[in-house]
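K.L.:
Next up is a structure, given as C-alpha cells.
The values are calculated or read from the model by the stated rules, or taken from the named source; none is laboratory data. As the structure is a computational prediction, the values presented were derived from the model and not from experiment. With ideal geometry, Cβ positions are generated from the backbone for all residues, glycine too; neighbour counts draw on all protein chains shown.
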Amino acid sequence: MAEKIILKSPADIAMMREAGRIVARALAEVERIVAPGVATAALDRAVEELIIKAGGIPTFKNYPASEAGTPPFPASICASVNEEVVHGIPGNRELREGDIVSVDVGVHLGGWCGDAAKTFPVGKIGRKAMKLLQVTERALGRAIANARPGRMLREVSGAVQREAESNGMSVVRQYVGHGIGRDMHEPPQIPNYVCGPDERLEGRFPDCRLLAGMVLAIEPMVNLGGFEVLTGRNGWTVYTRDRSWSAHFEHTVALVGDGALVLTEL
Ligand code: MG
C-alpha cells in the first residue's frame, strides 16, 4: 500500500519557499565560482558557509546511508563529475576544462526542507555534453509543466522520459524524485520514466493523482549512454555502468492553484 502523502498548507509552503531560496542562492554561488582548477571541496565549503550564514542547516551533511556499514554523507553538497550521476563526495579533485559537474544542495530552515540540483559546465565543454545539459534541463521544465493539481504523477514521469529518449539519451531508473516537506524524502517516489508492466505488478512506484498542497522534488538524471548505474567503493558515489556522462537537474515545486510554484529559485 502506498504511504500517505503529506499535504502542505499555504503557510507551510511559504516556509519551504524560504528554505528553497537559500538552496537557489547556494547554486548561484556555485555557478559563480565553478571553473577549471577549482576543487569540488571548495564548492562544498562555499555552499556550507552560505547556508549557515543564512540561518539554515545543510541537510546532506551526516545524512545516514541506506547501506549498513557505509558512513554518513560527509559534506554539504553532492558533487558528481562527468560519468558520476549523483551522491559524489566533494574532495581534492580539481575540475578541468570540458568537465561537467552536477551539484545537489539540500537546506533545512525552520524545520522545512528545500532540495535542488544543477549540472554546470566547467569552462568550454564539448557539443555532446552541452546537449546533455540542455536536454536534462528541458526535461525538468517539461516535467514541472505537467506537475499540476488534477494530473497524474505518471504524466510528470513520462515527460522526462520522452524528452530524454527522443534525444537518444536514457533516464536513470535506480534513483528517483520524491515528495519533500519536513523530511527531505517523503512519499510519493517520482520515477523519471513510466513503469513497464513488470514494475507496475510489483507496485514499485504507485501512480497517483496530483493534489494542491503536494510538494515534490522532481529530479531527472539523464545519461548519454545506457541507464544502468553502479555505486563506488565509498558507498555513496553513483556512476554510469558504461561510463557515459550524466546530468542532473532538480527543483522543489509546490502544487498550488492550477500549476506548480518553483520553490528553489531566487
Ligand atoms: Mg532530491
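K.L.:
Can you confirm whether Ile100 is away from the ligand (no atom under 15 Å from the Cβ) and at pLDDT 95 or above?
P.N.:
yes
K.L.:
Here is a follow-up. Among residues belonging to the range 113-132 that are within 16 Å of the ligand (Cβ to nearest atom) and under 19 Å from Ala35 (Cα atoms), point out the one that is nearest to the chain's Cα centre (by Cα).
P.N.:
Ala117
Yes/no per residue for (1) out of contact with any helix residue (DSSP H, G or I) (no Cβ under 9 Å at 6 or more places or on another chain); (2) outside any loop (DSSP other than H, G, I, E, B):
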{"residue": "Asn62", "(1), (2)": "yes, no"}
{"residue": "Ser66", "(1), (2)": "yes, no"}
{"residue": "Pro72", "(1), (2)": "yes, no"}
{"residue": "Val105", "(1), (2)": "no, yes"}
{"residue": "Asp115", "(1), (2)": "no, yes"}
{"residue": "Leu132", "(1), (2)": "yes, yes"}
{"residue": "Gly150", "(1), (2)": "yes, no"}
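K.L.:
Assess whether Val86 counts as being among the β-branched types (Val, Ile, Thr) and either touching a Gly at 6+ places or on another chain (Cβ under 6 Å) or more than 13 Å from the ligand (Cβ to nearest atom) (or both).
P.N.:
When the stated conditions are applied, Val86 does not pass them.
K.L.:
Then there is this: Would you call Ala143 within 21 Å of Glu228 (Cβ to Cβ) and either away from the ligand (no atom under 16 Å from the Cβ) or not in a loop (DSSP other than H, G, I, E, B) (or both)?
P.N.:
no
K.L.:
Among the residues that make up the range 208-230, is at least one of them within 15 Å of the ligand (Cβ to nearest atom), aromatic (Phe, Trp, Tyr) and in contact (Cβ under 8 Å) with a residue 12 or more places away in the chain?
P.N.:
no
K.L.:
Additional query: Please tell me if Asp183 is of a type in the set (Asp, Glu), within 15 Å of the ligand (Cβ to nearest atom) and part of a loop (DSSP other than H, G, I, E, B).
P.N.:
yes
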